[in-house]
Amino acid sequence: MNAYKTIKAPSEGLYKEKGSKFIAFAIPTSSEAQFKEAQARIKKDYHDARHHCYAFSIGPEGKLYRYSDDGEPNNSAGKPIYGQLLSFGVTNVTIIVIRYFGGTKLGVGGLITAYKEAAKDALNNAETIEKEVTEPLSISFKYESMNTIMGLVKSFDLEIVEQQFELDCVINLNCPKRNKPQLETKLELIQNITYKFS
């Protein structure tokens, strides 16, 4: 698996039913820490909402995921939201749906529909993009190997995360998974460097 689908930028969705208002926020998220930041921000900005239900999926294959009903009946909110992440086939995305209660109870079936539709609207309003799966790579080398290393950066489509160029240089990169085998072969041939995929 060399690529995955995610969303390019945050988007919002809305669903109204019997006076209740469900506002959904879809947010690009690549770690649990980013999810917690987004959750704290929305709870602060919409502190008067009755519920803040969510689902997130993280990692190229969506192996890290979680969802919460935040006080709504069991599986009436988090699971339908998560279902939309699966249905759109996206990962590295958090969806938080907040609810303003309108005074009329919707019942479990009504809630499932409301949370699902709000999440769906947010994803419909988002631009979906395909991203390559990358692996972090760190290379340590002497300054005289600079041209060789920078040549590899260019030819193997490596993304520079951070670099430190002195007599002893260190460069941290993201390497597309599809390029890893050929790149490793090249790195093995260069003298006086050490590298590590993590």
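The values are calculated or read from the model by the stated rules, or taken from the named source; none is laboratory data. In this text, all values refer to a predicted model and were calculated from it rather than measured experimentally. Neighbour counts run over all protein chains shown; Cβ positions are idealised from the backbone, glycine included.
Filter region 136-158 down to the residues that are within 16 Å of Glu188 (Cα to Cα), of a type in the set (Ser, Thr, Tyr) and touching a Cys at 6+ places or on another chain (Cβ under 9 Å) and list them by number.
Ser140, Ser145
May I ask you to list the residues in region 11-22 that are surrounded by 16 or more Cβ atoms within 10 Å (Cβ to Cβ) and either of a type outside the set (D, E, K, R) or in a loop (DSSP other than H, G, I, E, B) (or both)?
Within region 11-22, Ser11, Gly13, Tyr15, Ser20, Phe22 meet the criteria.
Answer yes or no: is there a residue in region 67-88 that is in contact (Cβ under 8 Å) with a residue 60 or more places away in the chain and aromatic (Phe, Trp, Tyr).
yes
Every residue, every condition in (1) within 20 Å of the chain's Cα centre (by Cα); (2) modelled with pLDDT of 95 or more; (3) in a strand (DSSP E or B); (4) of a type in the set (Asp, Glu), yes or no:
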{"position": "Glu37", "(1), (2), (3), (4)": "yes, yes, no, yes"}
{"position": "Ile42", "(1), (2), (3), (4)": "yes, yes, no, no"}
{"position": "Tyr54", "(1), (2), (3), (4)": "yes, yes, yes, no"}
{"position": "Ile81", "(1), (2), (3), (4)": "yes, yes, no, no"}
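Contact list please: Cβ distance under 7 Å, first residue in region 1-15 and farther than 10 Å from Ala119 by Cα, second residue acidic (Asp, Glu) and surrounded by fewer than 19 Cβ atoms within 10 Å (Cβ to Cβ), pairs at least six apart or on different chains.
Every condition considered, the pairs that remain are Met1/Glu61; Asn2/Glu132; Ala3/Glu130; Ala3/Glu132; Lys5/Glu130; Ile7/Glu127; Lys8/Glu127; Ala9/Glu127.
Looking for something within 19 Å of Gln191 (Cβ to Cβ) and either crowded, with 20+ Cβ neighbours inside 10 Å or among the polar types (S, T, N, Q) (or both) - is there at least one such residue anywhere in region 118-134?
No, the conditions are met nowhere in region 118-134.
Taking the residues in region 95-110 that are in a strand (DSSP E or B) and of a type in the set (A, V, I, L, M, F, W, C) as candidates, determine which candidate is nearest to Ile27 (Cα to Cα).
My answer is Ile95.
Yes or no, residue by residue, for (1) under 30 Å from Ser87 (Cα atoms); (2) part of a helix (DSSP H, G or I); (3) modelled with pLDDT under 95:
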residue	(1), (2), (3)
Thr113	yes, yes, no
Glu117	yes, yes, no
Ala126	yes, no, no
Ile139	no, no, no
Leu152	no, yes, no
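Among the listed residues Ser31, Ser11, Ser68, identify the single one that is closer than 20 Å to Glu130 by Cα and either charged (D, E, K, R) or touching a strand residue (DSSP E or B) at 6+ places or on another chain (Cβ under 6 Å) (or both).
After applying the criteria, what remains is Ser11.
Please go through (1) over 16 Å from Leu111 (Cβ atoms); (2) assigned to a strand (DSSP E or B); (3) in contact with a Ser or Thr (Cβ under 7 Å, 6 or more places away or on another chain) for Phe25 and return the number of the only condition it doesn't satisfy.
So Phe25 meets the others, but not (3).
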